[in-house]
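Here's the structure, in structure tokens; my notes come after.
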Amino acid sequence: MIFLFRHDWNRLAKLCRTQEAPPQNFSRMQSGSVGLVYYKATLNVGIIPQEIYLSIFPLFCFGLTPLLIPWSAIRKIEPANQLFIKRFRLYVSSPKVKLILGNDILESGKKFLASQGFEWI
């Protein structure tokens with residue numbers, strides 16, 4: 001069971017693992033998905049112009065290392081709304097993993113994403 005929860009995160013970690021400190025606009029205890037796993041209020045997310053920083057709240061990380069995913073690895077962004085929550089699905093090109101993050105989290109990266117050709121909000 002633990003392997004299933006770690007699979008997509010570990011696939012991303014092979015290319016995007018980091019030991020860097022979280023960025024200043026780091027949001028703790030957010031909800032979102034990495035692959036098939038939904039992290040309810042345990043996902044930590046930071047948006048900087050070139051990358052997305054992801055980590056899991058320390059009590060629940062089970063050895064999952066922080067990730068720093070470059071925006072250049074995102075090939076497509078589309079709405080993934082749930083009820084009244086505005087969310088977006090981000091498709092990572094390699095490895096092929098889907099991320100689902102809330103609009104409020106992605107807002108700080110909006111200008112950079114628009115300059116890369118992503119018109120999603």
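Search the range 49-62 for residues being over 11 Å from the mean Cα position of the chain (by Cα) and in contact (Cβ under 8 Å) with a residue 40 or more places away in the chain, and hand back the single one that is surrounded by the fewest Cβ atoms within 10 Å (Cβ to Cβ). Talk me through it step by step, then tell me what you get.
The initial filter retains those residues of the range 49-62 that are over 11 Å from the mean Cα position of the chain (by Cα), namely 49-50, 57-62.
The next check asks that each one be in contact (Cβ under 8 Å) with a residue 40 or more places away in the chain; those that pass are 49-50, 62.
Numbers: 49: 12, 50: 12, 62: 10.
Checked the range 49-62; the qualifying residue surrounded by the fewest Cβ atoms within 10 Å (Cβ to Cβ) is 62.
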Among the residues of the range 6-28, how many are closer than 18 Å to residue 96 by Cβ, free of Cβ contacts under 8 Å to residues at least 60 places away in the same chain and not charged (D, E, K, R)? 5
Can you tell me which residue in the range 66-109 is modelled with the lowest pLDDT, limited to those that are surrounded by fewer than 15 Cβ atoms within 10 Å (Cβ to Cβ) and of a type in the set (D, E, K, R)? 107
Only residues that are in contact (Cβ under 8 Å) with a residue 24 or more places away in the chain and under 25 Å from residue 26 (Cβ atoms): list them for the range 91-103, please. 92, 95, 97, 98, 99, 100, 101, 102
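The values are calculated or read from the model by the stated rules, or taken from the named source; none is laboratory data. Since the model is a prediction, treat every value here as computed from it, not as a measurement. Neighbour counts run over all protein chains shown; Cβ positions are idealised from the backbone, glycine included.
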